Amino acid sequence: MAAIGVVMLVLGWRGVALSPYPSLELPWLISGGLAGLALIGLAGCAATILVHRRDNAVHRARVDRAVAATIAELQRRSDERVR
């Protein structure tokens, strides 16, 4: 997605640079520049969400292992008291 955004920025810049009249630059600026920046921003947001989800999954797995170890230790101690 980011690569498409960069391509759109380059094409928008090229269109503005080759346009002889300022009135013809606005469509290039809007379609290439703003849409390209929007795609780059969306790619950044998607990458951030992916990293946060992965970090949360790792954290949940660690917590689950700690809880399981605590429960096992409590059960072991409980079994020792019963004997």
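Quick notes
- A search for C-beta distances below 8 Å between a residue of the stretch 32-59 that is farther than 24 Å from Val6 by Cβ and any residue that is among the polar types (S, T, N, Q) and not in a helix (DSSP H, G or I), counting only pairs 6+ apart in sequence or on different chains, returns nothing.
- Restricting the stretch 2-60 to residues that are assigned to a helix (DSSP H, G or I) and polar (S, T, N, Q), the residue that is surrounded by the fewest Cβ atoms within 10 Å (Cβ to Cβ): Ser23
Every number here is computed from the coordinates shown, using simple stated rules; none is lab data. In this text, all values refer to a predicted model and were calculated from it rather than measured experimentally. Methodologically, a virtual Cβ is constructed for each residue, glycine included, from the backbone with ideal geometry; neighbour enumeration extends over all protein chains shown.
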